[in-house]
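The next block holds one structure in the form of structure tokens; read it before the comments.
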Amino acid sequence: MTSLTDLTAWKKLTSHHDSIKSKHLRELFESDNQRGQKFSLEACGIFLDYSKNRITSETVELLLALARESKLPERIEAMMTGEKINITEDRAVLHTALRAPADAEVLVDGENVIPEIHAVLDKMSAFCDSITSGKWTGHTGKPIRNVVNVGIGGSDLGPVMAYEALRHYSNRNLTFRFVSNVDGTDFAEATQDLKAEETLFIIASKTFTTQETMTNAHTARTWLLDQLGADQSAVAKHFVALSTNADEVSQFGIDTDNMFGFWDWVGGRYSMDSAIGLSTMLAIGPDGFREMLAGFREMDEHYRTAPLDKNLPVLLGLLTVWYTDFFGSQTTAVLPYDQYLKRFPAYLQQLTMESNGKSITLNGDHVDYDTSPIYWGEPGTNGQHSFYQLIHQGTHLIPCDFIAFAKSLNPLGDHHDKLTANVFAQGEALAMGKTKQQVLDEGTPEELAPHRVFEGNRPSNTLLIEKLTPAVLGKLVALYEHSVFTQGVVWNVNPFDQWGVELGKVLAKKIVPELQASTDLAHDSSTNQLIERYRSLK
Ligand code: F6P
């Protein structure tokens, strides 16, 4: 089998990297005063300035050639038309169908899936209207005021990120909480000030078997019934399920009339725009949710139809390949300069790393190149007073994605100009740095000068968008989803399975009873010792 490293474009990129790796961004900007304009692109209302990357026109051409040699356009088409590209689970991958219009047609096993997607959306809308209008009442006849989403991974990170991101547009009469960790503290703190009679639990789990979620769901049921002094019949008014598994949902005691379904071809980390988004819809209303879907859709269309060199997700994805495989970068920082996007990096961690954190190719071979970098980040400007030191002067090369907005949703005095000045300043400082001569010219003593030098030549992308709206959030998420797919296609891995989470889950199930009774232990000496010590301390 041909490996990625055998491809012509890969070989050319290897020697091209040798020839440009020592070029400084200062030099590249000085030699072309149109560089900023040359390496910028606007699509779907997102302006991407990628000129502060360690690239030339030749780099871009070679990366695009790599995408073509990796058959990216064909793979995009295969994904969007419902081919079973998730080969290890024999599934189609159709999160893009979730945002397709009602008159679209996408076939899975010969069946058009669009009508059922819209039927679920309509059912979600009707449910949200009944909650917000007060028509839906709890067991004691009171309207719902609190919504608690219980889920983990894709059944939590998307909903909590979207709730925080779109809080400005949210219904402030409802209180939203998110419980994910199996640590009882998460449930206890999320519910300690809530009245059960006004609380709706959304149990979000694709499989409805996930240990953390089912434990929290059982605790929620006990909490509710104890507080209400009610029997099982109260569950119907306070619990709904978001799942693909109707049998498990009814076994838990939730009427399947109160279940909002989705399908095995929606991956957990790609599910925030499916029924898993019920809490988002409750927060921003059905119209806001549909606006968000339209944003996703616009980016899907762009990804599918724009030429590769004018394609935002393609360029972002290829730049990640460039740094990971040619510069040896281990991480990528995502730095949103918007407080509402504070959970966006956490959301992206699952999207990117659960997708492309793989080392076996689609052909079953071990890769001989690096795959997904570690994604991390915090909202600006907080990160500046924490870890940016390392990005500026540390020994690692950390490509950064800055995300900025021209308009604030909370325009207070000159806060927004200061915020935006900071994001532009960071990109400039990282790229241009400060030479020893500049430091000395400022009157810094010779012995201190090395400490004050900024090498620069540290790459970044800047995404500049007019304003954060539901549609923009949809576009941003789809941008990263497709960037991840682009990377996965080049690396020839399956971004849609997650076998790597299984072993820990299986072992944890085995260890639970061992913590509860003094049975014989047959683990390694370290694990045995930890279990024994826990038993004696608990
Ligand atoms: O972490 C593994 C995983 O399977 C994720 O892919 C998924 O988002 C999460 O667990 C939750 O799964 P479920 O929605 O089935 O509870």
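The values are calculated or read from the model by the stated rules, or taken from the named source; none is laboratory data. It should be emphasised that the depicted structure is a prediction, and the values quoted were computed from it without experimental measurement. Positions of Cβ are backbone-derived with ideal geometry, glycine not excepted, and every protein chain shown enters the neighbour counts. Heads up: the accessible areas ignore ligands, DNA and RNA and are worked out on the full protein's heavy atoms, side chains in. Shrake-Rupley method; radii C 1.70, N 1.55, O 1.52, S 1.80 Å.
Listing for the model above:
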{"quantity": "Degrees, to the nearest 10: 211-228 long Cα axis against longest axis of the chain", "calculated": "40 degrees"}
{"quantity": "Angle in degrees between helix 8-20 and the longest Cα principal axis of the chain, rounded to the nearest 10", "calculated": "60 degrees"}
{"quantity": "Euclidean distance of C-alpha centroids, region 484-512 and region 356-372, integer Å", "calculated": "12 Å"}
{"quantity": "Computed over region 333-410: relative contact order in percent, which uses C-alpha pairs under 8 Å that are six or more apart", "calculated": "48 percent"}
{"quantity": "Packing-based ranking, highest mean first, of 204-214, 521-531 given that Cβ atoms within 10 Å are counted", "calculated": "204-214, 521-531"}
{"quantity": "Those trypsin sites (Lys or Arg not before Pro) in region 124-175 that DSSP places in a loop and that have at most 15 other beta carbons within 10 Å", "calculated": "Lys135, Arg172"}
{"quantity": "Residue (of Leu278, Met259, Leu318) at the positive-pole extreme of region 246-334, dipole from beta-carbon charges", "calculated": "Leu318"}
{"quantity": "Computed over region 167-229: relative contact order in percent, which uses C-alpha pairs under 8 Å that are six or more apart", "calculated": "36 percent"}
{"quantity": "Mean Cα-pair separation over length for the chain, i.e. relative contact order, pairs under 8 Å, 6 or more apart, %", "calculated": "18 percent"}
{"quantity": "Residue-normalised accessible area of region 79-197, expressed per residue, 1.4 Å probe, Å²", "calculated": "43 Å²"}
{"quantity": "The chain, helix-only ellipticity at 222 nm - DSSP H runs n ≥ 4, -39,500 (n - 2.57), divided by all residues, nearest 500", "calculated": "-13500 deg cm²/dmol"}
{"quantity": "Cα gyration tensor, region 341-469 - rounded (a/c under 1.5), prolate or oblate", "calculated": "oblate"}
{"quantity": "Region 54-97 and region 158-205: distance between their alpha carbon centers, rounded to Å", "calculated": "36 Å"}
{"quantity": "Filter on Lys71/Lys206; Lys11/Lys38; Lys23/Lys358; Lys342/Lys467; Lys475/Lys505 - keep pairs with C-alpha separation over 23 Å", "calculated": "Lys71/Lys206; Lys11/Lys38; Lys23/Lys358; Lys475/Lys505"}
{"quantity": "FRET E, pair Ala246, Leu537, Förster distance 51 Å, beta-carbon r, rounded to 0.05", "calculated": "0.75"}
{"quantity": "Helix axis angle, 312-321 relative to the chain longest principal axis, alpha carbon, degrees", "calculated": "70 degrees"}
{"quantity": "Peptides 376-386, 267-277, 295-305, 445-455 ordered by average Cβ neighbours within 10 Å, highest first", "calculated": "267-277, 295-305, 376-386, 445-455"}
{"quantity": "Estimated FRET transfer efficiency when R0 is 41 angstrom, pair Gln37-Thr8 (beta carbons, to 0.05)", "calculated": "0.85"}
{"quantity": "Per residue, in Å², the accessible surface of region 222-275 once ligands and nucleic acids are set aside, probe 1.4 Å", "calculated": "37 Å²"}
{"quantity": "Region 447-518 shape via C-alpha gyration tensor axes, a/c threshold 1.5", "calculated": "oblate"}
{"quantity": "Rounded, prolate or oblate (a/c below 1.5 giving rounded, otherwise prolate when a/b exceeds b/c) for the chain by Cα gyration tensor", "calculated": "prolate"}
